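Just so you know, all these numbers are worked out from the coordinates, no wet-lab data involved. Note that the coordinates shown come from a computational prediction; the quantities given were computed from them, not determined experimentally. Cβ sites come from the backbone with ideal geometry, for glycine too, and all protein chains shown count toward neighbours.
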Amino acid sequence: MTTGILGMLLSVLAFAFAQSQGSKDAPTSSAATNALATYKEGVRKLNEEHERKLDALRQQYIKELDAARKTALAKDDLEEAQRLLAEKKRVEVEKTPPGNGSGLEILYAVHGVDDQWHDVTTRVRSQVKDAHYHYSGPVFSDLPDLSPNKHKITVISYLFDGKPYLSVVQDDQPFDLPKKTIGPSN
């Protein structure tokens, strides 16, 4: 299982790195450089507009889920109310697909050791604030300890400003992301 998870992380990292590299045969003239800058600025503006519209849709969906949950609670349908609450929480931490923006984007995160790993991607994504993630200690201590008396490792594959990175840290070491541990040089 370890090989599978690490292999997948490395594959994602390699793909993201390949996507972030420009062609060595790209035109270098002033006109081409200006055209590329204009294009990138247009794409950035479209992405921002898309993000605003997507956020508005997401907020409307959350409002409708809240209304449906109130209705379920009024009918004493606690199971449906719990499902609606879980969906609301999922939508609240949902982000746009990786690689579409700037700042910190968590691709995948696991916590464990040897062949015992927990997927903590959603939890890590939900703790990103202002393009920053801070780990200060045993945040994952509530997870079942599948390997007692062993230090665990947290592995996070992420993008920062569109560039891929990989962070591998022992569970008793505080760290912050973005931290460029492995990735393309600037």
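For K70, the aspartates and glutamates whose Cα comes closer than 13 Å to its Cα, not counting residues fewer than 8 places off in the same chain, are E79, E80.
Karplus-based coupling profile of region 117-123, in residue order and whole Hz: 10, 10, 7, 10, 4, 4, 5, with θ = phi - 60° in 6.51 cos²θ - 1.76 cosθ + 1.60 and x standing for Gly or Pro.
Taken as Cα centroids, region 67-85 and region 41-65 sit 27 Å apart, rounded to the nearest whole angstrom. The slack between H118 and V139, meaning 0.36 nm per residue of separation minus the straight C-alpha distance, is 6.3 nm.
Rounded, prolate or oblate: which fits region 30-93 when a ≥ b ≥ c are the square roots of the eigenvalues of the alpha-carbon gyration tensor, with rounded for a/c under 1.5 and prolate only if a/b beats b/c? Judged from the Cα gyration tensor, region 30-93 comes out prolate (a/c at least 1.5, a/b above b/c).
Gain in length, H132 to N47, computed as 0.36 nm per residue apart minus the alpha-carbon separation, to one decimal in nm?
28.5 nm
Karplus-based coupling profile of region 65-77, in residue order and whole Hz: 5, 4, 5, 5, 5, 4, 5, 5, 5, 4, 8, 6, 9, with θ = phi - 60° in 6.51 cos²θ - 1.76 cosθ + 1.60 and x standing for Gly or Pro. Placing pseudo-labels 7 Å out from each Cα toward the beta carbon at T28 and R90 gives an inter-label distance of 5.0 nm.
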